[in-house]
Amino acid sequence: MQSMTDNSSHDGESSPAGNVVEFRRVSYRAPNGQKVLQDMDLAIQGGETLVLLGRSGSGKTTSLKLINRLLQQDAGEVLVEGKPTTQWDLIQLRRRVGYVIQEAGLFPHHTISKNVGVVLRLEKRSRSEIRERTDEMLRLVDLDPAQFGKRYPYQLSGGQRQRVGVARALASDPPILLMDEPFGALDPLSRNELQQQFLRLRDRLQKTIVLVTHDIREALLLGSRIGLMESGTLIGSYTPEQFKVSDDPAVRAYIEAFGGC
Amino acid sequence: MLHYILFHQREIGEATLEHIWLVGISILIAVAVGIPLGILMTRKPRLRTAILGSANIIQTIPSLALFGFLLPAPWLGARAERIAIVTLALYSLLPIVRNTYTGIMGVDPAVREAAEGMGLTNGQLLFQVELPLAASFIMAGVRTATVISIGVATIAAAIGAGGLGEFIFRGLAMVNNQLILAGALPAALLALGSDLSLGWVEAGLTPPHV
Ligand SMILES: Nc1ncnc2c1ncn2[C@@H]1O[C@H](COP(=O)(O)OP(=O)(O)OP(=O)(O)O)[C@@H](O)[C@H]1O
Ligand SMILES: [Mg+2]
């Protein structure tokens, strides 16, 4: 199944049509000089959900941040919709790429509704449109706007805050969604619920999604493809079925650590 | 005592207004200069030590000496109030600059990251996220500065800038406690009153919390 281990730049210089996000020999060093990513290649096609799986410190979050240019690579190219991120207008790039971070990062001084509508307000949408869209997004993540809309983030549970984070990222309908451990730090039941919800949303919204996790079960459940990261590079990419039966030692190590899946 | 104050009501009232004016204008200047300096420190970490250091050093100069240093300055030296206002503003700088800086740096990094990730511009990040979240800190700095200034402003009378210090200096010269109190008491009340009312504003600016 060599064709599925995705290293498109090895196949030639041009990006195949349909690659919404692409890394070409990307390297990134932290400000302190530490090499975080090295020669990483990656290609994500439109509409797929790529799960980046890898142990702590392997460079998953860093990879996400290179896509919306919260960080900038030292070498290589990151392309979004075929255009290098360095050539994008930064604000336009970030409007096309929704970003969900683990701690949600909600604005503590805004109500839940106001949090969800941040980008809509920046885009100067009409009041009624913002209101409608905000309520719609909250319902989408299973939060009653009447009950939660006027609350402040501190009045929500961790899982509810994470859902608001997702609603906020979806509000302006960005075609690309980056999610950094969006269901981390949750009890297994709530986590399961959110994962099921994610699957329903995924099928309905047809977005290109990059989701980070170090939970192999989550990766197998949510990903249409799994990218395995190790010490700063992508060492392979697999469909969930391929992943389960792969005899790649790195994959086996993962599966065995989880007691076989 | 009460008799004295009642008798000199008008004079004391005028001096109090003068005092409020000196402090008010100097705080406005300190806010207009200090908040941008504090913001600058968060954007250019290299300038941090230079700005904080300067504000710190100013604070260590005895106020009377600072008044004196400014006397020969052109334009400023021409009017005692100008010197007083500049001195008070300089003194007020440190708490305002420091609190603006701490307040902004205290914003949860996840909140800042989310804001940047959503495509807020630098200005939007500052005005919609950082400053609102730092507002109560900044206000606390303004409050400290105001209370300090009300005290320091009494010394401005030494260079003839007026204010409640007039009574204190006259009382000292004439060894007249009543006269001293006629200046000290309203100054203390003024400090207390502004501390309370600005504390109230500060509480109103505090973002909702756990
Ligand atoms: N600003 C920085 N300064 C120094 N080192 C950094 C910096 N940012 C990231 N690193 C290092 O880069 C490596 C990758 O970090 P990254 O956050 O991408 O890991 P991750 O795969 O998301 O891990 P986790 O699963 O724990 O979130 C880590 O070893 C980290 O210590
Ligand atoms: Mg991470």
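The values are calculated or read from the model by the stated rules, or taken from the named source; none is laboratory data. What you see is a predicted model, and the numbers here were worked out from it, not measured in a lab. All Cβ positions, even for glycine, are placed from backbone atoms using ideal geometry, and neighbour counts span all protein chains on display. The protein model used for the area step is the full one, side chains on, heavy atoms only, and it has no ligands, DNA or RNA in it. Shrake-Rupley method; radii C 1.70, N 1.55, O 1.52, S 1.80 Å.
Amide H contacts of A:Q45: A:V20, each under 5 Å away and 5 or more positions distant or on a separate chain (H built 1.01 Å from N in the peptide plane; Pro and chain starts excluded).
Here the accessible area is traced with a 1.4 Å probe on the protein chains. For the range A:106-173, carbon and sulfur cover 43 percent of it. Distance from the alpha carbon centroid of the range B:143-178 to that of the range A:74-151 works out to 55 angstrom.
As a length-normalised measure over Cα pairs under 8 Å and 6 or more apart, the relative contact order of chain B settles at 26 percent. For chain B, a Gaussian network of Cα nodes joined below 10 Å ranks B:M118, B:M105, B:M139 by mean-square fluctuation, and the top entry is B:M118. In chain A, the longest principal axis of the Cα atoms and the axis of helix A:127-140 are about 60 degrees apart. Taking the Cα atoms of chain B, the ratio Rg/Rh between the radius of gyration and the Kirkwood radius comes to 1.07.
Put A:L64, A:L189 in order of accessible area, highest first, and with a 1.4 Å probe you get A:L189, A:L64. Subtracting the Cα-Cα distance of B:A50 and B:L6 from their residue separation scaled by 0.36 nm leaves 10.9 nm.
Run the numbers on the range A:106-173 and let me know its relative contact order in percent, using alpha-carbon pairs under 8 Å that are six or more apart. Computed value for the range A:106-173: 50 percent relative contact order.
Computed over protein heavy atoms with a 1.4 Å probe, the accessible surface of chain B works out to 49 Å² per residue.
Classified by the C-alpha gyration tensor, the range A:137-218 has an oblate form. Its axis ratio a/c, with a ≥ b ≥ c, is 1.5 or above, and a/b does not exceed b/c.
Would you work out if the protein assembly as shown is rounded, prolate or oblate? Take a ≥ b ≥ c from the square roots of the eigenvalues of the alpha-carbon gyration tensor; rounded if a/c is under 1.5, else prolate when a/b is larger than b/c, oblate otherwise. Could the numbers behind the result be given before it?
On the way: a/c = 3.45, a/b = 2.52, b/c = 1.37.
It comes out prolate by the Cα gyration axes.
In the context of the full set of protein chains, residues of chain A present 45 Å² of accessible surface per residue (probe radius 1.4 Å, heavy atoms only). Measuring only protein heavy atoms, the 1.4 Å probe finds A:I176 accessible over about 0 Å². Residues in the range A:102-109 carry Karplus couplings, in order, of 4, 7, 6, x, 5, 6, x, 9 Hz; the curve used is 6.51 cos²θ - 1.76 cosθ + 1.60 with θ = phi - 60°, and Gly or Pro positions show x. Cross-link pairs exceeding 20 Å between alpha carbons, from the set A:K65/A:K124; A:K35/A:K60; A:K83/A:K207; A:K124/B:K44; A:K65/A:K207: A:K65/A:K124; A:K124/B:K44. Spin-label model, A:D248/A:R121: points 7 Å from Cα along the beta carbon direction are separated by 4.4 nm. The listed residues A:Y152, B:Y101, once ranked by accessible area (1.4 Å probe) with the largest placed first, stand as A:Y152, B:Y101.
The label point for B:W75 and the one for B:L172, both projected 7 Å from the Cα toward the Cβ, are 3.1 nm apart.
Distant-in-sequence amide contacts of A:N68, defined by a placed amide H-H separation under 5 Å and a gap of 5 or more residues or a different chain, comprise nothing. For the range B:103-124, heavy-atom accessible area (probe 1.4 Å) falls by no less than 10 Å² from the chain alone to the full protein assembly at B:A110, B:V111, B:E113, B:A114, B:E116, B:G117, B:M118, B:G119, B:L120, B:T121, B:Q124. Pairing the Cα long axis of helix B:48-60 with the longest principal axis of chain B, what angle in degrees results, from 0 to 90 and rounded to the nearest 10? Its long axis makes an angle of about 10 degrees. In chain A, the calculated helix contribution to ellipticity at 222 nm averages -10500 deg cm²/dmol per residue, counting -39,500 (n - 2.57) for every DSSP H run with n ≥ 4.
Quick check: from the Cα gyration tensor, does the range A:106-173 come out rounded (a/c under 1.5), prolate or oblate?
On the way: a/c = 1.65, a/b = 1.49, b/c = 1.11.
It comes out prolate by the Cα gyration axes.
For the range B:185-210, a drop of 50 Å² or more in accessible area on going from the chain alone to the assembled protein chains (1.4 Å probe) is found at B:P208. Using the Cβ-Cβ distance between B:A65 and A:Q206 with R0 set to 60 Å, the FRET efficiency works out to roughly 0.25.
Could you work out [θ]222 nm for chain B from helices alone, using -39500 (n - 2.57) per DSSP H run of at least four and dividing by all its residues? Round to the nearest 500 deg cm²/dmol. Provide the component values of the computation, followed by the final result.
Values: 9 runs with 158 residues, N = 210.
The helix-only estimate for chain B comes to -25500 deg cm²/dmol at 222 nm.
Measuring heavy-atom accessible area with a 1.4 angstrom probe and counting protein chains only, the residues of the range A:104-148 that give up at least 40 Å² relative to the chain alone are A:F107, A:P108, A:H109, A:L122. Can you give the relative contact order of chain A as a percent, counting alpha carbon pairs under 8 Å and 6+ residues apart? In percent, rounded to a whole number, it is 26.
The interface between chain B and chain A buries about 1800 Å² of solvent-accessible area in total (1.4 Å probe, ligands and nucleic acids excluded). When B:V175, A:V251, B:V152 are compared by accessible area of protein heavy atoms, the largest-first order is B:V175, B:V152, A:V251, using a 1.4 Å probe. Taking amide H atoms as placed 1.01 Å from N in the peptide plane, the amide H of A:V212 lies under 5 Å from those of A:L52, A:M179, A:D180, A:E181, each 5 or more residues away in sequence or on another chain.
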